[in-house]
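Just below is one structure, and these are the notes that go with it.
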Amino acid sequence: MDHVLNIADNYIWTPYVYPASWPEDWAPRQIISLWVLTNLGALLIYLGFGAISFYYVFDHKLMKHPQFIENQVRKEIQLGIASIFWMSFPTVVLFFVEIKGHSQLYDNISESSLGWPGVYLSIAGFLFFTDMCIYWIHRSMHHRSIYKHFHKQHHIFKIPSPFASHAFHPLDGFLQSLPYHVYPFIFPLHKVVYLSLFVFVNIWTISIHDGDYRIPGPLICLINGAAHHVDHHLFFNYNYGQYFTLWDHLGGSYRHPSALLGRGPHDHIRKLMAEAACTQ
């Protein structure tokens, strides 16, 4: 985040916002700046990519499904915005620790002992590590003693739209995002790669709620897509993974997508429409 903070300091904060008596490396100023940037960035990704997905990817016929609740999109957006606001506070603490140099983030490829191969390995490591951690965090959120207090808010939306992607209880959302922040404290990671991955995981989260259940055949049992995730919303104890199905297979929680077996939400809507046509 220090690159983003430096750009904001150079072009916005220093010339137009903060008084000259507030030095750029003053901790309170940095924390305020990080909080503003975190909220603006998260909202831009959530509302921007969410809107693109909702209007150009999401099949609006799904809104006719009997489990698509009244005013659902508005409720998703309200919960998503509130969650981002409250999640930003602990997130900024982690970003602040990072910019103070207490993580293993680095600026130049030359600082990596493995060079470019190390960058590619770190991307693979990030995806594997975060997918593994999120699986177990997500699964723990379904424990009967925890679920009703936190994760139930997200599962109100049985047929999610892209805006359900960030519609969590704030603590639930933060805990599931924690692996993204923990990784660079354990493993070396280039700063630009880290920012890129952070944007990617937010867009991916939107994509698995977008209602587009198409998956290339060879990847069906490997990639956790929207077809897998809608079954998680509908059937509760399946498909906890984030990007991959590996941990669902290992944990015995994998469910082949019902949408690919002719028993998905679209099929249910078509059945209802056919029945309605027959009664006319």
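Could you please tell me which pairs satisfy a Cβ distance under 7 Å, a separation of 6+ or placement on different chains, a first residue in segment 19-41 that is without any contact (Cβ under 8 Å) to a residue 60 or more places away in the chain, and a second residue that is of a type in the set (D, E, K, R)?
These pairs meet every condition: Trp22/Arg29; Glu24/Asp9.
What are the residues in segment 205-251 that are assigned to a helix (DSSP H, G or I) and over 24 Å from Gln67 (Cβ atoms), if any? Explain how you work it out, then say what you get.
First pass over segment 205-251, keeping only residues assigned to a helix (DSSP H, G or I): 205-207, 217-219, 226-235, 246-251.
Across segment 205-251, the qualifying residues are Gly217, Pro218, Leu219, Leu246, Trp247, His249, Leu250, Gly251.
Taking the condition hydrophobic (A, V, I, L, M, F, W, C), in a helix (DSSP H, G or I), touching a helix residue (DSSP H, G or I) at 6+ places or on another chain (Cβ under 8 Å) and buried (at least 20 other Cβ atoms within 10 Å of the Cβ), does Phe174 pass? If you could, list the steps in order and put the result at the bottom.
Working: hydrophobic (A, V, I, L, M, F, W, C): yes; in a helix (DSSP H, G or I): yes; touching a helix residue (DSSP H, G or I) at 6+ places or on another chain (Cβ under 8 Å): yes; buried (at least 20 other Cβ atoms within 10 Å of the Cβ): no.
The answer is no for Phe174.
Listed residues His190, His209; which is under 21 Å from Asp131 (Cβ atoms), surrounded by 19 or more Cβ atoms within 10 Å (Cβ to Cβ) and in contact with a strand residue (DSSP E or B) (Cβ under 8 Å, 6 or more places away or on another chain)?
Answer to the selection: His190.
I'd like the full set of residues that are without any contact (Cβ under 8 Å) to a residue 12 or more places away in the chain and assigned to a helix (DSSP H, G or I), limited to segment 129-151.
Across segment 129-151, the qualifying residues are Ser140, Arg144, Ser145, Ile146, Tyr147.
Look through segment 212-256, keep the residues that are among the hydrophobic types (A, V, I, L, M, F, W, C), over 16 Å from Ser140 (Cβ atoms) and touching a residue at least 60 places away in the same chain (Cβ under 8 Å), and return whichever of them is surrounded by the most Cβ atoms within 10 Å (Cβ to Cβ).
Here is the first cut: in segment 212-256, the residues among the hydrophobic types (A, V, I, L, M, F, W, C) are 215, 219-223, 226-227, 230, 234-236, 244, 246-247, 250.
Going one step further and asking which of them are over 16 Å from Ser140 (Cβ atoms), we end up with 215, 219-223, 226-227, 230, 234-235, 244, 246.
Going one step further and asking which of them are touching a residue at least 60 places away in the same chain (Cβ under 8 Å), we end up with 230, 234, 244, 246.
Working: Val230: 25, Leu234: 20, Phe244: 18, Leu246: 17.
Of everything passing the filter in segment 212-256, Val230 is surrounded by the most Cβ atoms within 10 Å (Cβ to Cβ).
Working only within segment 23-39, note down all residues that are surrounded by fewer than 12 Cβ atoms within 10 Å (Cβ to Cβ) and either touching a Pro at 6+ places or on another chain (Cβ under 8 Å) or of a type in the set (Gly, Ala, Ser) (or both). Before you say what the answer is, go through the steps one by one.
The first filter runs over segment 23-39 and keeps only residues surrounded by fewer than 12 Cβ atoms within 10 Å (Cβ to Cβ), leaving 23, 25, 27-28.
If the condition is that a residue be surrounded by fewer than 12 Cβ atoms within 10 Å (Cβ to Cβ) and either touching a Pro at 6+ places or on another chain (Cβ under 8 Å) or of a type in the set (Gly, Ala, Ser) (or both), then Ala27 is the only one that fits.
Yes or no, residue by residue, for (1) in contact with a helix residue (DSSP H, G or I) (Cβ under 7 Å, 6 or more places away or on another chain); (2) of a type outside the set (A, V, I, L, M); (3) closer than 20 Å to Asn39 by Cβ:
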site	(1), (2), (3)
Phe68	yes, yes, no
Met87	yes, no, yes
Ser165	yes, yes, yes
Pro170	yes, yes, yes
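For segment 60-107: of the residues being of a type in the set (D, E, K, R) and in contact (Cβ under 8 Å) with a residue 24 or more places away in the chain, which is surrounded by the fewest Cβ atoms within 10 Å (Cβ to Cβ)?
Taking segment 60-107 and keeping what is of a type in the set (D, E, K, R), we get 61, 64, 70, 74-76, 98, 100, 107.
Now drop any that are not in contact (Cβ under 8 Å) with a residue 24 or more places away in the chain, which leaves 61, 64, 75-76, 98, 107.
Numbers: Lys61: 14, Lys64: 13, Lys75: 17, Glu76: 25, Glu98: 20, Asp107: 11.
That would be Asp107.
Starting from residues that are buried (at least 18 other Cβ atoms within 10 Å of the Cβ) and among the hydroxyl-bearing types (Ser, Thr, Tyr), keep the ones in segment 120-167 and report whichever is farthest from Trp247 (Cα to Cα).
Ser161
Just so you know, all these numbers are worked out from the coordinates, no wet-lab data involved. Quantities reported herein were computed from a predicted structural model and do not represent experimental measurements. FYI the Cβ positions are ideal-geometry reconstructions off the backbone, even for glycines, and counts take in every protein chain you see.
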